[in-house]
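Worksheet: the structure to be examined is printed underneath.
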Amino acid sequence: MATPTTTIRLPEELKARLARLAEAEGTSIHGLILDAIAEKVDALERRRDFHEDARQRLAQMRDTGAGIEWDEMQRRLRAPVADEDAPRPAAKPGRG
């Protein structure tokens, strides 16, 4: 498979920083740039997927009127930090 070429212009200071890091990491500037781009693309895709999931869940909540009480959700979210086990809250009909 052919790999297309993309040219980017880097400020000299950034290129120098990349060169120092590449040498310290035992890799190339090219490798660092590819890794950085891949990490950013992954993060943006995860954020997009998270937002899409949130939109779908909100639409479902609005359609059904069911949701989880905030205090129940807080207990569930805090449980791992407190090294506790909290049951998954069940959705309840809304107050309309």
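Given the criterion more than 30 Å from GLY94 (Cβ to Cβ), surrounded by 11 or more Cβ atoms within 10 Å (Cβ to Cβ), touching a helix residue (DSSP H, G or I) at 6+ places or on another chain (Cβ under 8 Å) and in contact (Cβ under 8 Å) with a residue 12 or more places away in the chain, identify the matching residue among LEU32, LEU21, LEU10.
On the way: LEU21 fails: in contact (Cβ under 8 Å) with a residue 12 or more places away in the chain; LEU10 fails: in contact (Cβ under 8 Å) with a residue 12 or more places away in the chain.
After ruling out the rest, the residue left standing is LEU32.
Among the residues that make up segment 44-67, is at least one of them of a type outside the set (Val, Ile, Thr), modelled with pLDDT of 95 or more, farther than 30 Å from PRO87 by Cβ and more than 25 Å from the chain's Cα centre (by Cα)?
No, because not a single residue in segment 44-67 is of a type outside the set (Val, Ile, Thr), modelled with pLDDT of 95 or more, farther than 30 Å from PRO87 by Cβ and more than 25 Å from the chain's Cα centre (by Cα).
Please identify the pairs in which a residue from segment 63-84 that is at positive phi has its Cβ atom under 6 Å from the Cβ atom of a residue that is surrounded by 10 or more Cβ atoms within 10 Å (Cβ to Cβ), counting only partners at least 6 apart or on another chain.
GLY65/GLY94
So which residues in segment 13-44 are within 19 Å of THR3 (Cβ to Cβ) and not in a helix (DSSP H, G or I)?
Once the filter is applied, which keeps residues that are within 19 Å of THR3 (Cβ to Cβ) and not in a helix (DSSP H, G or I), segment 13-44 yields THR27, SER28.
Working carefully through the options LYS40, LYS92, find the one that is exposed (fewer than 11 other Cβ atoms within 10 Å of the Cβ) and out of contact with any Asp or Glu (no Cβ under 6 Å at 6 or more places or on another chain). I'd like the intermediate steps shown before the answer.
Working: LYS92 fails: exposed (fewer than 11 other Cβ atoms within 10 Å of the Cβ).
Going through LYS40, LYS92 in turn, just one is exposed (fewer than 11 other Cβ atoms within 10 Å of the Cβ) and out of contact with any Asp or Glu (no Cβ under 6 Å at 6 or more places or on another chain): LYS40.
The values are calculated or read from the model by the stated rules, or taken from the named source; none is laboratory data. Predicted, not measured: the structure shown is a model, and the values here were computed from it. All Cβ positions, even for glycine, are placed from backbone atoms using ideal geometry, and neighbour counts span all protein chains on display.
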